[in-house]
Amino acid sequence: MNPTTFSLNGRALDLADENPKQPLLRWLRERHLTGTKEGCGDGDCGACTVVLREPDGAGGSHFVAVNSCLLPMGALPGREVLTVEALAEGASLHPVQRAMVDHGGSQCGYCTPGFVMSLFAGYYEGELSDHATEGNLCRCTGYRSIRDATAALRMHPRDTDRFDALRAAPRAPQGAAALEGFHSPAALADALALKAAHPEAAFIAGGTDLGVNLSRGQAVAPAFIALDRVVELHAIDVDETRVRIGAGVPLTRIERELAGLFPALDELLPWFAARQVRNRATLGGNLGSASPIGDLAPVLLALDATLELAGPSGRRSVALADFFLDYRKTARAPEEIIVAVTLPRRDDIAQAGYKVAKRQTDDISIVAVAFALARDAQGVVTHARLAFGGVAATPKRALEVEAALLGKPLDAAAVETARTALTQAFTPISDHRASAAYRRALCGNLFAKFAREKLGAEGAA
């Protein structure tokens, strides 16, 4: 496969003359592959779900469900894409399609191909549960029939088929690629060199944030330097004292490989966004966007994360607590790349992450919070981190409340004092998601919830 070619349903296609900023969804539909539907164009509904065959890190491959509305054509060279049109063989439906038919998992049918592709990935990756389709919305069936189809697939043994063979086939990491205005280096040094040569270009990681702008046809940058192929950004290193996570590691991989190490991260990641989004979204991209409502920043603040940055003058470390400067402004220089996030490991702290949104899943947070607290044998607080998103221009820690907790026992009076103080610690805005008063109340009440559930603080309400 040459540097401008990708595979679509087993057929090699050249992208040299295509607009690299165009979403894959639009490109597919213009070529009459209309099984892939446009619902929201924002990565919310899952109607546009397609599957990538991606390297599994061990020389093989796995199937990954993604939103084609958020996947720019520039990201495709060297990749393999499967759409719903590839599944059936003539009149013989794929088992996932057959299960949906047999259990009435379709009404109007518009969302059905997206569900099918999510279940298709789950079918081969051993995840046939509600999690497989958590990023797919349906307004007709009420989901019962779709869940029945999923259960049937899970319960019955299956035969090995051509997609098992495809999945087992060797798959090397994607090498460097370049389309006009869309550069995809495979090495960190090359990414930095490209930025020096094209200072007007914007870095793009998983693209789940910028992809929304591209899907809407909004001008984002004249050119892009994609970081999703940079090998160094995909490493995870764990030792007894710390965990170093490459900035380009997809969130689903963090869920899978670091499960149990950081309970607050375990609790928040499933609520971050839909599975299709988490399959592409990265730590570096989430932090680099500097959104005040980014779900991960409060957790990483509470866990004392440190960022590693690389630029023309070398590498440097910045504590995440010093990274966010103002609304959408950070300590990262324009020419620098977030390389990794390092988290210290501590067994002595209780921690938790909470997200409150208008929908239970797949929604922007009203408030996202994380707490990390340690006490000595006498119950005296020795360590306190209380971090919040959605209450200020940047993700913030409640420093004064933290200081007030230190050196004191966490009794009912201390919890109530902290709860009250947290309701006054920030000046959030009112918007269509929630009032300022509601956000302030959440700050205090979620700490009381943490004290009661994780610390057993007597009298915590």
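Compute the separation of the alpha-carbon centres of segment 138-180 and segment 50-108 and state it in Å as a whole number.
6
Measuring from centroid to centroid over Cα atoms, what is the spacing of segment 364-403 and segment 330-356 in Å?
Here the two parts' Cα centres lie 14 Å apart.
What does the C-alpha gyration tensor say about the overall shape of segment 1-79? Classify as rounded when a/c is under 1.5, otherwise prolate if a/b is larger than b/c, or oblate.
Details: a/c = 1.87, a/b = 1.21, b/c = 1.54.
Oblate is the answer for segment 1-79, as a/c is 1.5 or above yet b/c matches or exceeds a/b.
With contacts defined as alpha carbon pairs under 8 Å and 6 or more residues apart, what's the relative contact order of segment 350-455 in percent? Intermediate values should be presented prior to the final figure.
Working: 182 pairs, mean separation 24.8, N = 106.
That works out to 23 percent.
Counting only helical runs of four or more DSSP H residues, what would the 222 nm mean residue ellipticity of the chain come to if each run contributes -39,500 (n - 2.57) and the total is spread over all its residues?
About -8500 deg cm²/dmol.
I'd like the projected area of segment 350-455, averaged over all directions, using the convex hull of its alpha carbons. Report it in nm² with one decimal. Numbers along the way, then the final one.
Values: hull surface 25.3 nm².
With every direction weighted equally, the projected area is 6.3 nm².
What ranking do Tyr354, Tyr124, Tyr143 get, fewest neighbouring Cβ atoms within 10 angstrom at the top?
The most exposed by this proxy come first: Tyr143, Tyr124, Tyr354.
Determine the equivalent ellipsoid of the chain by diagonalising the alpha-carbon gyration tensor, then write out the semi-axes as square roots of 5 times the eigenvalues, largest first, rounded to whole Å. Numbers along the way, then the final one.
Working: eigenvalues 300, 148, 80 Å².
Three semi-axes, in Å: 39, 27, 20.
Distance check, please: which entries in Lys37/Lys358; Lys37/Lys329; Lys37/Lys195; Lys329/Lys358; Lys195/Lys396 exceed 32 angstrom between their Cα atoms? Don't skip to the end; give the middle numbers.
Details: Lys37/Lys358 25 Å; Lys37/Lys329 36 Å; Lys37/Lys195 35 Å; Lys329/Lys358 27 Å; Lys195/Lys396 30 Å.
Going by Cα-Cα distance, Lys37/Lys329; Lys37/Lys195 fall outside the 32 Å limit.
Express in % the proportion of alpha carbon pairs of segment 5-162 at distances exceeding 26 Å.
Working: 2974 of 12403 pairs.
When every Cα pair of segment 5-162 is considered, 24 percent fall beyond 26 Å.
Once label points are set 7 Å from the Cα along Cα→Cβ at both Lys358 and Asp159, what is their separation, rounded to one decimal in nm?
4.8
Between the alpha-carbon centers of segment 422-449 and segment 266-329, tell me the distance in whole angstrom.
Between the Cα centres of segment 422-449 and segment 266-329 lies a distance of 22 Å.
So for Val391, Val369, Val231, fewest C-beta neighbours within 10 Å to most, what's the order?
Details: Val391 27, Val369 30, Val231 15.
In increasing order of surrounding Cβ atoms, one gets Val231, Val391, Val369.
With a cut-off of 8 Å between alpha carbons and a minimum separation of six or more residues, what is the relative contact order of the chain in percent? It would help to have the intermediate numbers written out before the result.
Numbers: 1010 pairs, mean separation 53.5, N = 461.
Across the chain, relative contact order equals 12 percent.
Output the relative contact order of segment 5-162, whole-number percent, from Cα pairs under 8 angstrom with separation of 6+ residues.
Details: 268 pairs, mean separation 39.6, N = 158.
Value for segment 5-162: 25 percent.
When DSSP assigns beta bridges and you keep just the ones with both residues in the chain, what percent turn out antiparallel, to the nearest 5?
Numbers: 60 of 67 bridges.
In the chain, approximately 90 percent of DSSP beta bridges are antiparallel ones.
Quickly rank 91-102, 267-278 as a protection proxy: mean count of other C-beta atoms within 10 Å, highest first.
Numbers: 91-102: 16.9, 267-278: 23.2.
The peptides rank, most packed first, as 267-278, 91-102.
Once you sort the root eigenvalues of the Cα gyration tensor of segment 295-391 as a ≥ b ≥ c, which label holds: rounded (a/c under 1.5), prolate (a/b larger than b/c) or oblate (the other case)?
On the way: a/c = 2.52, a/b = 1.28, b/c = 1.98.
It is oblate, given that a/c is not under 1.5 and a/b is not larger than b/c.
Please pull out the direction-averaged projected area of segment 181-344, using the convex hull of its alpha-carbon atoms, in nm² to one decimal place. Each step should come with its number before you reach the end.
Numbers: hull surface 36.9 nm².
Hull-based average projected area comes out at 9.2 nm².
Which of Tyr123, Tyr327 has the fewest other C-beta atoms within 10 Å, and how do the rest follow up to the most?
Tyr327, Tyr123
Bear in mind that the values in this text are calculations on the coordinates, not laboratory data. Just so we're clear, the structure is a prediction, and the values are computed from it rather than from any experiment. Every residue, glycine among them, receives a Cβ derived from its backbone with ideal geometry; neighbour counts consider all protein chains shown.
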